[in-house]
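Report on the following structure.
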Amino acid sequence: MSSKKRKKNASAMKMVGQILANYRQAAGYTQRTLALRVCVDEDTIASIEQGRRPLKSDLAEQLDEILDTKGALAIAVKFMPEMDKYPLWAEEFIDREQEAVAIDWFENQVIPGLLQTEDYARAVFRSKEPPLEPDEIEVQVAGRMARQAIFQRKVPPSASFIISEAVLMDRLGGDAVRREQLRRLRQDADTPGISIQIMPLGRETHAGLAGPFILLETPDFEHLGYVETQRGSMLVSEPGEVSILVRKYAMLRTQALNVEDSKSLLDRLLGEA
């Protein structure tokens, strides 16, 4: 997001926040009592009013009803400047991912984005360096959650994930976030069409030492690869290069725990968490 666009978004968020604060005070609510009424944290209301967090459309509609604002907040949100949900260099991959019929994903640093809980995703974006502004974090989290809708398609993609055991041991976001994420993985492991395998610690050989990558198959049976670096990413379409990633993934599947043993490991980790 450009500096000019960021400032424009920040100004719009502050304006919406001030509108909410004025309506809240006129209706006789404190931030705490209003938060209790709409079942959110007090900090959520405070952050919105201070322009640090975007007001989402569903909450805006709920607040309009409670504060009797005749739809003013929902209209303000509707005409907010559109914010970038994804980095420019990732947009082409996101487009291809949304139409994919098959996804193979190896990850050794974080839980794959398509399997992340909202709180875990928020912890990921809060770990960015240089830090993201609070509004950017919320937009990025919303974008990540929206991507997961591909599993709600009438015909969802077949998806295979290989995740390093080290990722499961990390406490990104804290113990409660980790436990919720482990529980989500265990549920996903029982979902038809989703395969989750854990790459155990202590192996003497490993086919994925060069880092994480993703393989996609499009509706036209085109095979693509995707790799990320510290400062960008690359969509791989050259058949020879894709073939190398396909062979790496095939080897990783033989080196990782099988699906049933991976479920057992998740059960043990949940019992210890």
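The values are calculated or read from the model by the stated rules, or taken from the named source; none is laboratory data. All of these numbers come straight from a predicted model, not from anything done at the bench. FYI the Cβ positions are ideal-geometry reconstructions off the backbone, even for glycines, and counts take in every protein chain you see.
General observations
- Condition met for Q148 (of a type in the set (S, T, N, Q) and either modelled with pLDDT of 95 or more or in a loop (DSSP other than H, G, I, E, B) (or both)): no
- If the condition is being under 19 Å from D135 (Cα atoms) and either at pLDDT below 90 or assigned to a loop (DSSP other than H, G, I, E, B) (or both), then the stretch 35-45 contributes V40, D41, E42, D43, T44.
- Here G208 passes the criteria (1) more than 18 Å from the chain's Cα centre (by Cα); (2) part of a strand (DSSP E or B) except the one numbered (2).
- Residues located in the stretch 49-69, provided they are modelled with pLDDT under 90 and part of a loop (DSSP other than H, G, I, E, B): Q50, G51, R52, R53, P54, L55, K56
- Matching residues, the stretch 250-260, being touching a residue at least 24 places away in the same chain (Cβ under 8 Å) and either outside any helix (DSSP H, G or I) or loosely packed, with under 13 Cβ neighbours inside 10 Å (or both): A256, L257, N258
- Taking every residue in the stretch 216-227 that is in contact (Cβ under 8 Å) with a residue 24 or more places away in the chain and pairing it with any residue that is polar (S, T, N, Q) and in a strand (DSSP E or B), at least 6 positions away or on another chain, the pairs with Cβ-Cβ distances below 8 Å are Y226/S233.
- A count restricted to the stretch 227-249 and to residues that are at pLDDT 95 or above, buried (at least 16 other Cβ atoms within 10 Å of the Cβ) and not β-branched (V, I, T) stands at 3.
- First in the stretch 236-249 and assigned by TED's automatic domain parsing to the domain that holds R96, second anywhere and assigned to a helix (DSSP H, G or I) and surrounded by 12 or more Cβ atoms within 10 Å (Cβ to Cβ), Cβ under 8 Å, 6 or more apart: V236/V242; V236/L245
- All positions within the stretch 97-112 that are in a helix (DSSP H, G or I) and surrounded by fewer than 19 Cβ atoms within 10 Å (Cβ to Cβ): Q98, E99
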